[in-house]
Structure formats: structure tokens, C-alpha cells
Amino acid sequence: MQEQRKPTKHLTIYLLWPFIAVILLLAAAVWLFMHAERTAGLIFAAAALIDLIISLILFLSAKKAVDREALRFFNEYETQQLKILNELDTPLAFALKDGRILWMNQEFKSYLDPEDLKDPTVRTITPEMTPKRLPSEKDDSITVDYEYAGRVGEATFRMLPVSDLEDMQDLMHVKDQIDSFITMTLTDLTDLHQAQKENDDKMLAAGMIYIDNYDELMEMIEEIRQSLVVALIEQEINQYVIDHNGLIKKTENDKFFFAVRKCDLAEMEQDKFKLLEAVKEIDTGSGHKPTLSIGIGIDKKSYTQSSDNARSAISLALARGGDQAVIKNGDQLSYYGAKGEQPSKNTRVKARVKAHDLSELIMQKESIYIMGHKLADADSLGAALGIYKIAATLERKAHIVIGTVTANLRPLYLAFKDDPFYPKNLFVSPEEAIGSATADSMVVVVDTNIPERVECEKLLDICKTIVVFDHHRQTAVSIKNPTLSYIEPYASSACEMVTEVIQYTEANIKLTEQEANALYAGIVIDTNNFLNRTGVRTFEAASVLRRAGANITYVRKIFRDALEDYKEKAVIISRAEVYKDRFAITTYDGEHSQSPTILGAQAANELLNIDGIQASFVLTRFGNKIYVSARSIDEVNVQVMMEKLGGGGHINIAGTQFAHTNLEKAKNAIKSTIDQMIESGNL
């Protein structure tokens with residue numbers, strides 16, 4: 001290749017300059033000879049001839065020496081260039097289009113394991129970089145992250161034509177006709193990542209711990225034992241935080257503030273906040289177990305924001321029923337605990353306060369819109385009718401927003417729609433509500449707190465005053481900034497909550513028999529005939545409705561199944577698959593029923609009657625979605641399982657939705673969630 005080298009354009013001009021000077025002298029001699037002194041012209045011609053002879057002699061005698069010096073310069077320049085590349089601190093390699101590495105500098109060689117040096121390719125370090133993914137045009141570059149031999153960093157690939165690397169072909173011993181190379185450079189970020197991790201681990205997380213049932217414990221425990229029980233609880237809390245290198249300060253009788261490093265918080269997460277279970281093991285002497293709520297906030301911006309996140313987390317933990325830990329890291333939320341059934345609180349102070357606040361808001365508005373969740377059930381409709389009764393008693397116009405009415409709900413719906421005692425516009429469609437509602441209207445949401453699940457989500461944007469009544473645990477996607485929120489996870493149903501509110505409303509509301517039937521029906525459906533999630537307050541609400549004239553026989557009759565639906569339910573159950581010897585999973589295409597989701601929920605309840613089944617899951621295809629009904633008795637927390645799939649509910653009654661109609665895919669998602677929870681020790 002050396003003999004093929006040619007001088008550059010500028011060097012050629014420089015070497016030929018003497019001959020150019022001869023031409024200029026001859027031109028001057030001709031002009032002088034023709035237009036001036038002939039003698040001067042002859043003298044210039046002679047000088048040009050002498051210059052030409054001398055230049056030829058010097059050029060011919062020095063040509064070989066000049067060539068030798070030029071070649072020596074080129075070789076030294078190339079050697080220095082390659083030496084610089086070879087000794088470069090950045091790992092550098094040249095590869096072919098198929099990914100084979102032809103040459104690498106010393107830094108790149110030292111990066112590779114000895115075994116990988118035998119036949120290296122770009123996929124040795126970056127397995128995902130197949131030949132199709134490598135750059136295909138000049139100056140194109142692709143950067144990917146890599147993890148190799150305990151090191152992490154970024155690998156950058158560029159395509160360069162052979163002409164740009166011509167001087168290096170001898171070094172790489174390339175014999176084939178190649179039009180381009182791929183350069184691969186590595187940027188090691190291991191130390192940077194390690195420093196960032198160490199800095200991140202040292203970040204302080206703010207936390208709050210509340211004793212959920214402090215007041216109830218003090219009422220139930222003998223006065224002589226109260227100080228002892230409190231001391232035992234505080235000892236467990238203090239010791240747990242200290243064991244994780246944290247600082248803790250008691251702020252009130254039942255409230256604590258603490259701070260831990262993020263790396264120590266990771267240990268708390270790893271042991272799943274065993275403090276929650278440790279406190280419940282304390283013997284109070286009254287049979288009542290103390291429970292804790294823990295809220296932890298993290299934010300990179302400031303400690304103030306971390307503290308604000310902690311407040312949001314503790315509020316969410318309390319709204320979800322307590323006995324759990326919630327971590328808010330920026331916008332991400334993590335939940336721990338709350339595996340068991342939450343005890344019902346005996347105090348009705350909260351219901352009394354909410355009843356007063358609701359009455360005040362209703363009196364300030366001329367129009368109220370009440371809605372539950374899509375595909376309303378008896379609990380949703382019954383609670384809506386209860387809120388309507390409060391508004392009507394306070395002489396305010398109220399409308400219940402309802403879209404699709406399922407076959408099972410139709411008898412209860414028609415009982416009010418066809419009753420002349422109620423206004424014709426008692427029930428309105430979502431479209432009618434959007435057309436008539438104003439910013440000054442109030443919307444009351446019952447039996448859900450997730451905006452995507454409400455009957456008419458646009459009403460939440462139109463109306464400035466929003467009230468939420470729900471008995472499901474609050475999630476990160478709950479309705480934002482409601483004017484009044486009453487979320488009571490201890491309640492069996494929304495109808496139970498509304499019945500209590502009706503009791504404490506100062507307007508002295510008198511329920512009709514039909515209204516009592518609707519509220520009673522909601523409790524019956526959500527408790528599966530008082531078999532699930534029933535507490536003292538559930539039966540007290542039922543007794544209030546019975547005194548108001550609720551007809552148990554009527555309620556039972558309106559929810560009887562048609563023969564075809566009963567047969568369909570039997571088919572769903574017969575198709576059930578027992579997974580892991582304790583989970584019943586079945587699917588239903590919903591083609592032969594007007595209320596497929598209701599049948600799915602009923603089938604899920606029936607599957608729990610099979611010996612050995614701890615939880616049941618019925619996947620029902622309806623419209624363009626798949627609805628999942630999850631049920632359990634006491635061994636499995638289906639609410640946590642459904643939350644992992646974007647849903648929610650209660651410990652033994654929960655559900656979720658899939659935004660597709662592939663039953664097999666949805667079924668595999670349920671199984672995968674079960675496997676993950678078993679592996680993590682949550683089942």
C-alpha cells in the first residue's frame with residue numbers, strides 16, 4: 001500500500017513551483033522582446049532557460065530523497081495515529097457488518113474476559129445488537145446500555161466508509177472487498193452508577209406511624225393496663241425503627257414521625273414491614289388487637305416534599321382501612337400488609353359528621369346528579385336512591401345517572417321508574433346529564449372512587465362540587481380533590497354507609513317501603529346474603545331498613561335467576577380449572593346471557609363452596625372488555641391480587657377489567673399473578 005501513496009494537491013503545487021516560475025519568465029521575455037527592449041527580452045529568455053536547467057537538475061537529483069522523506073512522514077504519522085488509538089483510554093473496536101470484531105485497542109482487550117477474546121463479536125458485550133440493528137448509513141450512530149462481567153455502561157456504534165479507514169487496512173489484515181466498518185466504543189458508567197446508588201441509598205425517607213384503633217383500645221382495656229399496653233406498642237415501634245438505623249419522635253398519643261435512609265427502607269420492604277404483625281401480637285387483655293398504619297414519603301427534590309409524600313401515603317393507608325404500609329416515591333405507590341379482614345369500627349362519629357356535611361352541600365345546590373359505577377348493581381343503585389331520598393327531603397332536584405341496566409337489576413329499576421310517586425326524570429342517561437349539568441351542579445358518586453369506572457366521567461369535569469361515598473379501598477387513581485369524601489373500607493356495602501348517613505341527617509328522613517327494599521337489596525347482594533364482610537353495623541343498618549318496611553321476601557324474589565341463566569351458571573362452574581390445587585379459574589364468553597357479569601360474580605361465589613378451594617376467579621367477556629370476579633373466604637386476599645392487575649375491592653370480594661377480549665390471555669395473567677404472589681410469600 002505504501003508504493004501507492006500519492007502526494008497531496010498542495011504538496012504537488014509546491015514541488016512544481018520552480019517550473020511555474022520558468023513559464024512566467026518566458027512570458028515576460030516574449031512581452032519585452034515584442035513591445036520593449038529586444039535586448040532585455042533576450043536576457044529574460046536566457047535567465048528562464050538557465051532556471052529551467054537548474055530546476056530540472058535539482059528535481060531529478062532530489063526526487064528520490066523527497067519521496068523517501070514523504071513516505072517516512074506518512075508512515076510515522078500512521079504509526080502515531082494507530083499508537084494513539086491503541087493506547088486510547090476509551091475501549092475502541094472495529095467490526096464488520098455481520099458483527100465480527102476485526103481489531104480492538106488495548107483498553108477494549110483488557111475489558112473482555114480471556115475466553116471472549118478468542119472469537120469476539122459486538123454481541124459479546126451487547127447481545128441485543130444483531131447485524132440488523134447495527135448502523136447502515138454513514139455517520140449513523142446507535143447507543144445502547146450494556147451489562148458485562150459486573151460492569152455497566154453505554155456502547156456506541158457508528159458506520160464509517162473504508163475510505164476513512166484506508167490507512168488501517170494493513171493492520172486489520174482485511175483481504176475481502178469491504179465498503180464500510182462499524183466502530184464500537186464503550187463508556188464505562190459502573191463507578192458513576194455506584195456513586196449514584198450510594199448517594200441514593202443515603203437519601204432520607206420521611207415516615208409517619210399511626211395507631212389505627214387507639215381510642216377503641218383505651219375504651220376496651222382496663223385503666224390499670226392502659227399504660228402497659230401503650231408502652232408495649234411504643235417499644236415495638238421504637239425498636240423497629242432503631243433496628244433500621246432510623247430516628248423516631250412521638251408527636252401525639254397515637255402518632256409518630258420517623259426518618260430512615262433509603263437503603264434501610266429497602267430492608268423494611270424486604271421484611272414486608274413485620275412491625276405490622278408484631279404489634280398485633282401484643283396481648284391487650286381485651287381480645288382487641290392494635291393495628292398500625294404506616295406512610296412513607298420519598299422525593300429527590302427536597303425533604304419537604306418527602307414529608308408531604310409521607311402525609312399523602314398515611315392518608316391513603318387510612319383510607320384503605322389501615323393495618324398497612326404505603327410508600328409514595330414520587331408518583332409511584334407501593335402497598336404492604338392489610339392481608340387480613342379489617343375489624344369494623346363501632347364509632348359512628350364519622351357517619352354523623354359526613355351526614356351533616358352532605359346536608360350542608362345539598363342545601364347550597366339547586367341540582368344534584370347521583371351516579372354509581374358502570375353496569376350498576378343493586379348496591380350502586382340502592383345507594384344512589386338513598387342519596388336521592390336525602391336530596392328530595394331537603395327539597396332539592398336530584399337525578400340518578402344510569403346507562404346500561406342489566407337484566408338482574410331491571411325489576412328494581414322499573415319499580416321506581418314506573419312509580420308515579422317519583423318524577424319522570426328521576427333516571428337520566430349520561431348524555432342527558434352532560435347536557436343539563438352546570439358548574440354549579442353537584443355530583444355524588446357512590447360505590448366507586450375510580451374516575452374511569454363511574455357512569456359518566458365527564459360530569460366530574462363539569463361539576464365543581466364532587467362528593468364520594470364508597471366502601472372500596474382507595475387507590476392511586478381515585479377521584480381527585482372531592483369536596484366531600486366518605487370512604488369506609490370497613491363497611492360491607494355502599495348501602496350500609498348511606499343507611500347510616502340517612503339515620504344521622506337532621507331532616508328526619510322517612511324511607512318508603514320501596515326505598516328500604518332498594519337499600520336492603522344492596523346490602524344483601526354485596527354481602528352474599530350476609531355471608532361476607534358483615535359486622536355489627538351491617539346488621540344494625542339492616543334492622544333500620546327492616547323497621548322502615550324492607551320486605552325480605554320481595555328482595556329475594558327480584559333477584560331470582562331465570563332458568564336459562566341458572567343453566568349458564570352451571571356451565572361456567574363445570575368449566576372451572578383448579579390451579580395449584582386451591583384456586584378455581586373459569587371463563588365465560590357471555591353470549592347467552594343479558595347479564596353476563598352478574599352470572600360471573602354468582603358463579604365465583606358458588607365455586608367457593610367446593611372443598612379445598614381458597615379463591616375463585618371467573619373471567620367474563622362482555623362488550624370489548626373482560627371482567628374478572630374474584631372471591632375468597634379467608635385464606636387469600638383477592639383484593640391485593642386484583643390491585644396488581646389494575647383493579648381492587650375487598651379482601652374476599654374484588655375484581656378487575658382487561659381492555660381486550662382474549663380470555664386465554666387474561667386467564668394466563670391471573671395465573672402469573674398467583675405464581676408471583678406465591679413466590680414472594682404473599683400467598
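Could you list, in sequence order, the residues of the range 439-477 that are of a type in the set (Asp, Glu), surrounded by fewer than 20 Cβ atoms within 10 Å (Cβ to Cβ) and closer than 14 Å to Gly648 by Cβ?
Result: Glu452, single match.
Checking Ala491 against (1) touching a Leu at 6+ places or on another chain (Cβ under 7 Å); (2) hydrophobic (A, V, I, L, M, F, W, C); (3) closer than 24 Å to Asp357 by Cβ, only one condition comes out false. Which one?
Of everything listed in (1) touching a Leu at 6+ places or on another chain (Cβ under 7 Å); (2) hydrophobic (A, V, I, L, M, F, W, C); (3) closer than 24 Å to Asp357 by Cβ, Ala491 misses just condition (1).
Based on what the data block shows, is Phe157 of a type outside the set (D, E, K, R), out of contact with any Leu (no Cβ under 8 Å at 6 or more places or on another chain) and either modelled with pLDDT of 65 or more or within 30 Å of Ile20 (Cα to Cα) (or both)?
no
Of the residues Thr475, Thr538, Thr534, which single one is polar (S, T, N, Q), touching a Gly at 6+ places or on another chain (Cβ under 8 Å) and either touching a residue at least 24 places away in the same chain (Cβ under 8 Å) or assigned to a loop (DSSP other than H, G, I, E, B) (or both)?
Thr475
Has the range 429-436 got any residue that is free of Cβ contacts under 8 Å to residues at least 60 places away in the same chain, crowded, with 23+ Cβ neighbours inside 10 Å and out of contact with any Gly (no Cβ under 9 Å at 6 or more places or on another chain)?
no
Among the residues that make up the range 513-526, is at least one of them loosely packed, with under 15 Cβ neighbours inside 10 Å and either closer than 23 Å to His356 by Cα or modelled with pLDDT of 90 or more (or both)?
Checked against the condition, which is being loosely packed, with under 15 Cβ neighbours inside 10 Å and either closer than 23 Å to His356 by Cα or modelled with pLDDT of 90 or more (or both), the range 513-526 yields at least one hit.
Restricting to the range 625-683, count the residues that are closer than 15 Å to Thr597 by Cβ and not aromatic (Phe, Trp, Tyr).
So the answer is 17.
Taking Glu452 as meeting all but one of (1) within 14 Å of His399 (Cβ to Cβ); (2) assigned to a helix (DSSP H, G or I), write down the number of the exception.
If we test Glu452 against (1) within 14 Å of His399 (Cβ to Cβ); (2) assigned to a helix (DSSP H, G or I), just (1) comes out false.
Only one residue in Ser595, Ser629 is of a type in the set (Gly, Ala, Ser), in the same structural domain as Ala659 (by TED's automatic domain parsing), touching a Ser or Thr at 6+ places or on another chain (Cβ under 8 Å) and modelled with pLDDT under 90, so which one is that?
Ser595
Please find, within the range 298-323, the residue that is modelled with the lowest pLDDT out of those that are surrounded by 20 or more Cβ atoms within 10 Å (Cβ to Cβ) and assigned to a helix (DSSP H, G or I).
Per the stated criteria, the residue is Ala319.
So which residues in the range 637-683 are within 24 Å of Leu375 (Cβ to Cβ), touching a helix residue (DSSP H, G or I) at 6+ places or on another chain (Cβ under 7 Å) and of a type outside the set (Lys, Arg)?
Of everything in the range 637-683, those that are within 24 Å of Leu375 (Cβ to Cβ), touching a helix residue (DSSP H, G or I) at 6+ places or on another chain (Cβ under 7 Å) and of a type outside the set (Lys, Arg) turn out to be Met641, Leu645, Gly648, Gly649, His650, Ile651, Asn652, Ala654, Gly655, Thr656, Phe658, Thr673.
What is the residue count in the range 578-619 for residues that are surrounded by 17 or more Cβ atoms within 10 Å (Cβ to Cβ) and closer than 16 Å to Ile653 by Cα?
Residues meeting the conditions: 22.
Answer yes or no as to whether Gln602 is within 35 Å of the chain's Cα centre (by Cα), assigned to a helix (DSSP H, G or I) and touching a residue at least 40 places away in the same chain (Cβ under 8 Å).
Here the answer is yes, as Gln602 does meet what is asked.
If a residue must be of a type outside the set (D, E, K, R), under 20 Å from Ile558 (Cβ atoms) and not in a helix (DSSP H, G or I), how many such residues does the range 374-409 contain?
10
Conditions tested, residue by residue: (1) at pLDDT below 90; (2) closer than 24 Å to Arg410 by Cα; (3) part of a loop (DSSP other than H, G, I, E, B); (4) among the hydrophobic types (A, V, I, L, M, F, W, C).
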| residue | (1), (2), (3), (4) |
| --- | --- |
| Asp581 | no, no, yes, no |
| Ile610 | no, no, yes, yes |
| Arg621 | no, yes, no, no |
| Gln657 | no, yes, no, no |
| Lys671 | no, no, no, no |
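So, Thr284, is that one surrounded by 14 or more Cβ atoms within 10 Å (Cβ to Cβ), over 28 Å from the mean Cα position of the chain (by Cα), touching a residue at least 24 places away in the same chain (Cβ under 8 Å) and farther than 16 Å from Ile314 by Cα or not?
Yes; evaluated as a whole, the condition is true for this residue.
Which residue is modelled with the highest pLDDT, if the candidates are limited to the range 555-579 and must be of a type in the set (Val, Ile, Thr) and within 17 Å of Ile525 (Cβ to Cβ)?
Looking at the filtered set, the residue picked out is Val555.
Got a sec? Which of Val501, Val555, Val524 is in a helix (DSSP H, G or I), within 18 Å of Lys350 (Cα to Cα) and touching a helix residue (DSSP H, G or I) at 6+ places or on another chain (Cβ under 7 Å)?
Step by step, each of Val501, Val555, Val524 is checked, and only Val501 is in a helix (DSSP H, G or I), within 18 Å of Lys350 (Cα to Cα) and touching a helix residue (DSSP H, G or I) at 6+ places or on another chain (Cβ under 7 Å).
In this structure, is Glu107 assigned to a strand (DSSP E or B), acidic (Asp, Glu) and closer than 14 Å to Thr185 by Cβ?
no
The values are calculated or read from the model by the stated rules, or taken from the named source; none is laboratory data. Please read these numbers as outputs of a predicted model, since none were measured by experiment. In this analysis, Cβ positions are derived from the backbone assuming ideal geometry, glycine residues included, and neighbour counts consider all displayed protein chains.
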